[in-house]
Every structure is written in C-alpha cells, then in structure tokens.
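Below is one structure, written out as structure tokens; comments come after it.
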Amino acid sequence: MASQRMGDVVVECDGPVMVITIDRPQQMNALSAGVRQGLFDAFAAFESDAGAKVAILTGSGQRAFCAGMDLKEMSARAMGVPPKGLVPVLGQNCASSKPVIAAVNGVAFAGGFLLAQMCDLCVAAEHASFGITEAKVGRGMPWAAPLASMVQQRAVMELLLTGEPIGAQRAYEIGFVNRVVPSAELMPAALAMANAIARNAPLTVRAAREMVHLAAEMGASAARRAADALFEPVYLSADAQEGPLAFREKRAPRWRGA
C-alpha cells in the first residue's frame, strides 16, 4: 500500500480504501496537536481523492485506538472551554460525504470515543473498550449529544455519569459497535466491510449515508421528504440503469458515479 505521513498520522491507500492510522502508540495515540492536524489533513485528502471510496480510521499498536486528549498538553495550556475546531469531527469541521469505518484496536476513551462515534460504522477487537471518562477528570462532553440517538438512553446515562468503560461486547449489545472480532482479524474485517461498500454504486452509498444522518436530526416526515430529494438524482443517473443491466447480463456493474 502507498503510504504518506501527515504529522502523527499515517495514510495508506489500498485500492478504493484509505486507511488512516493515528501513530503515537507509546502515548496511547492521544490527541496531541500533531495528531489533530494530521487527522484534519488526512480527512481532507480522503474527501478530495476521487479514487478513495471508503476510509478506515484506526490506531497504531494493540493497546489504544485513541485514549483521548493529551492531558499533559491540556494541563500545560491550562485549557478551559475547548476552542471550536480543536478536534476534527466529521460532518462538523471536516467535510464528509463518504463512509468512514472505525477499526477500534484497544481503548477508545473520551476524545477517542468521539472519534469512534463520528464514524459511520465501527468494528472492534475483542479486547477493545469504550469510555466517556470526562466526569473522572472534571471535564465536559457536549460532543456526546448525538449518542442519545445512536444507543439506548440508559446506556448513555451509564457511560456519561459513571465514567466507567464498557467492553467491546457490551458496546455491540447497545448498538454502538457493528462487529466484534479477534484482534488478529480486526483489519481484515474492517477492510472486508470497506470493500463491500466500495463495490456498491457510489451515488446510492452517499445518498443512503446522508439519509441516515438526516433522519437522526429530523422527524420522520421531514427525513422522508429529504430522502426523496436525495435519491431523485440517484434514480435518474446512468448508474441506476447500469445496475439492472449488469444483473441481466450476469456481469459486475461498471459504476461511473454519474
């Protein structure tokens, strides 16, 4: 795979899949300035790369996906209210129109939980753990508000109020994780999911992804109206004719994204 370093982040391209790896394993892949800028740059590169259909976000090593903000850096800065745009968040301060999968290879705490939360899908190693630990250090977690539409209310309350981490299996049970796999199978499973998505019609994938995000923010009736508008250009595209034609001719579809 072609590889490029962006600050404390490594970007590799494997066909239509871009793998974005936080690379500070000795510091539990904590969100230092170098990691944050690297993620901004990596996600910008993903969005602008027409050949990259799906991204996988992961961490280096087996101990941590991301342990959250670099608390030593925060303490040195005596940080109060985090400035807007401090951490890259897909769909907020990072352009995001294509699917991103979190491949969680260890702890995903605080800001690391946020990174897993902002992705569209999540595959976790069996030993992974997830925690919103801000209550233990007197910090806030306004970024966790979307979690209330993703998992059960009482599970959200438990995560926020106790600050105690949950294991990968529990995260799967409450609907935060899509699949739990042995550690050695994490990246193969994430790549298999990414490639399954990449084989599909790109216009349909983008519209479906956007529909799900809109439905989480709107009422059902408004979301259906928005979905009609999202999918009209999909129905009218050349790809909408190519799919049935390829099925009839018993061949793989040749998507044009138009």
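The values are calculated or read from the model by the stated rules, or taken from the named source; none is laboratory data. Since the model is a prediction, treat every value here as computed from it, not as a measurement. Glycine also receives a Cβ, built like all others from the backbone with ideal geometry; neighbour counts cover every protein chain displayed.
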For the stretch 24-59, which residues satisfy the criterion of being surrounded by fewer than 18 Cβ atoms within 10 Å (Cβ to Cβ) and assigned to a loop (DSSP other than H, G, I, E, B)?
-> Asp49, Ala50, Gly51
Out of the stretch 161-170, which residues are surrounded by fewer than 18 Cβ atoms within 10 Å (Cβ to Cβ) and under 26 Å from Ile56 (Cα atoms)?
-> Gly167, Gln169, Arg170
If we keep just the residues of the stretch 199-210 that are charged (D, E, K, R) and part of a helix (DSSP H, G or I), which is nearest to the chain's Cα centre (by Cα)?
-> Arg209
Sort out which residues of the stretch 20-39 are in contact (Cβ under 8 Å) with a residue 40 or more places away in the chain and within 29 Å of Arg199 (Cβ to Cβ), and write them in order of number.
-> Ile22, Leu39
Taking Glu232, is it more than 22 Å from Ala102 (Cα to Cα), out of contact with any helix residue (DSSP H, G or I) (no Cβ under 6 Å at 6 or more places or on another chain) and in a helix (DSSP H, G or I)?
-> yes
Helices (runs of 4 or more DSSP H) completely within the stretch 88-198 that count 2 or more residues being touching a residue at least 60 places away in the same chain (Cβ under 8 Å) and under 19 Å from Val9 (Cβ atoms) | 111-118, 186-198
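Residue-wise test of (1) within 14 Å of the chain's Cα centre (by Cα); (2) farther than 20 Å from Gly163 by Cβ; (3) at pLDDT 95 or above.
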{"position": "Glu47", "(1), (2), (3)": "yes, yes, yes"}
{"position": "Ile56", "(1), (2), (3)": "yes, yes, yes"}
{"position": "Ala64", "(1), (2), (3)": "no, no, yes"}
{"position": "Asn105", "(1), (2), (3)": "yes, yes, yes"}
{"position": "Ala135", "(1), (2), (3)": "no, no, no"}
{"position": "Pro142", "(1), (2), (3)": "no, no, no"}
Enumeration of residues in the stretch 105-132 that are within 11 Å of Ala67 (Cα to Cα) and among the β-branched types (Val, Ile, Thr) = Val107, Ile132
Unique residue being of a type outside the set (A, V, I, L, M), surrounded by fewer than 21 Cβ atoms within 10 Å (Cβ to Cβ), modelled with pLDDT of 95 or more and within 21 Å of Met18 (Cβ to Cβ) when the list is Glu185, Glu158, Glu173 = Glu185
For the stretch 229-244, does any single residue satisfy the condition of being of a type in the set (S, T, N, Q), free of Cβ contacts under 8 Å to residues at least 12 places away in the same chain and more than 27 Å from Ala52 (Cα to Cα)?
-> no
